[in-house]
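Presented below is the structure to which this report refers.
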Amino acid sequence: PLQFMMPVTVYNAEEPVMRITSETDIFDYQVRRNILLGLKIGEIMCKITINSFKKDLGAEISKTIETLISQDELKDIKPTLKIGFYCVFGEQKDYIAGLHILTPYIEKVIRLLIKKSGNVEVVLEQHKTKFFRDIELGGLLSDKNVEGLIGLDFQKSLKVMLVDNDQANIRNELLHGRLSSDKIDEAQTLFIAYCLLKLIKTLKDTNKKE
């Protein structure tokens, strides 16, 4: 298709971010753009599904979240997670606060998952660094070992949604204060909360290796 041959200029809310010119890069951009469009549909479906569960299960959702965040690996961040999930699923909704609180902890839980599974040294070797903290979220979401822990589709989806600076880039837009409040909605925040809960559930189900 012609769209895969035309150069693309990517903008954020303020200015151009990059210009993509090579055919390979343009193709890759369009593929990831289609992934993002699929995720937007996923946000809507997630909202419908969660609201349906809340009607049917009520307080059971809160109990399930409490159980998941009570695992030992999360004890240092449990109070923060509890507030964030309450903003999203509690009686008094605050999706702006919920998104800001929960989004950074996706990276934290991925790091905990790598540690619990005993893959820190393997990941360090692949990234040619001595320090685990030096590997940024984008690096973790491109790592084959992380793919093995959370699955390729989920890993790619998180990368497109959170850190690709020519796509949604939610994590970095939040981090640098560039995501305006009117751009934050219920469906987007519910989907981020769902992704974090999925990672927390994976962490719980992962056998600890010394």
Checklist entry - Is any residue of segment 147-173 close enough, with backbone N under 19 Å, to a label point placed 7 angstrom from the Cα of residue 36 along the Cα-Cβ axis, and if so, which? => result 153-173
Next on the checklist: Which residue, 126, 102, 150, has the largest displacement toward the positive end of the dipole of segment 89-161 when charges sit on each Cβ (Lys, Arg +1; Asp, Glu -1)?
Outcome noted: 126
Checklist entry - With each pseudo-label sitting 7 Å past Cα toward Cβ, what's the residue 92-residue 185 distance in nm, one decimal? => result 2.6
Checklist entry - For 206, 103, what's the largest-to-smallest order of accessible area, 1.4 Å probe? => result 206, 103
Item to check | Listed residue pairs exceeding 30 Å between alpha carbons, taken from 82/128; 93/116; 40/144 | outcome: 82/128; 93/116
Checklist entry - Between residue 152 and residue 126, what is the FRET efficiency for a Förster distance of 22 Å, r being their Cβ-Cβ separation, to the nearest 0.05? => result 0.85
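The values are calculated or read from the model by the stated rules, or taken from the named source; none is laboratory data. Here the structure is a predicted model, which is why all the values come from computation and not from measurement. Ideal geometry is used to build each Cβ from the backbone, glycine not excepted, and the neighbour counts take in all protein chains shown. Just so you know, the surface numbers come from the protein's heavy atoms only, side chains and all, with ligands and any DNA or RNA stripped out. Shrake-Rupley method; radii C 1.70, N 1.55, O 1.52, S 1.80 Å.
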